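All remarks here apply to the structure that follows.
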Amino acid sequence: RRQRQMCIRDRTKVGDVYQITSGAELKGFADLVNGEEPGAKGILTKNITLNEPGDYAQKWTPMGASSSAAFTGDFDGNGKTITGLYMDGEDAVSGLFGYVGKTGSIHDLTIADASVKSMKTGSYNPKVYTALAAASNAGTISNVTLKNSMISSGGYAGGIAALNEGTICLLYTSP
């Protein structure tokens, strides 16, 4: 029996907001943001576990993976939790989001049991940004909670953002 991978386009869009209910749909939303719609709006309607058997189990690619295609939309966590975010490599930018542009917004979200590591080194690009929510933020991050998570970086590291040129407010961390 062949299992079909769900894409965000297979799911519900209410108005101009994508409804995200699974890890596969979150991956689809990331692909959309990293492709033709960096200003996409999304809302979590369920708690999501990444890297769970039967779900999308892979190393995560950040939304807004490059500075030229920063996330400029709205990501509403809706009070839900993303569990199991995993990154381990030599990427210069690591996190749920890579680059968040000036109009980008991430809010009302919990990130739990995450492991984000980046050990890129070298003289050509010594800037490495590693965080759980956004590696580089120029937008707004609010009401984000971090639980039981780990960050390791060969450069700059932060729980919410490794580099912040925007607004970060009302954040919570717990062991």
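The values are calculated or read from the model by the stated rules, or taken from the named source; none is laboratory data. These figures come from a predicted structure and were not determined experimentally. Cβ: placed from backbone, ideal geometry, glycine included. Neighbour counts: every protein chain shown. The area values use the complete protein model at the heavy-atom level, side chains included, leaving out ligands, DNA and RNA. Shrake-Rupley method; radii C 1.70, N 1.55, O 1.52, S 1.80 Å.
Tell me the residue from Thr72, Thr81 that is touching a Pro at 6+ places or on another chain (Cβ under 6 Å) and at pLDDT 95 or above, please.
On the way: Thr81 fails: touching a Pro at 6+ places or on another chain (Cβ under 6 Å).
The conditions single out Thr72.
What's the total number of residues in the stretch 34-44 that are open to solvent by less than 50 Å² (accessible area, probe 1.4 Å) and either at pLDDT 95 or above or among the charged types (D, E, K, R) (or both)?
6
For Val93, work out the one condition from (1) touching a Ser or Thr at 6+ places or on another chain (Cβ under 8 Å); (2) without any contact (Cβ under 8 Å) to a residue 40 or more places away in the chain; (3) surrounded by 15 or more Cβ atoms within 10 Å (Cβ to Cβ) it doesn't fulfil.
Here Val93 meets the rest and fails (2).
Identify, from the list Asn51, Asn78, the residue that is under 21 Å from Lys147 (Cβ atoms), touching a residue at least 24 places away in the same chain (Cβ under 8 Å) and in a loop (DSSP other than H, G, I, E, B).
Working: Asn78 fails: in a loop (DSSP other than H, G, I, E, B).
One residue alone meets the criteria, Asn51.
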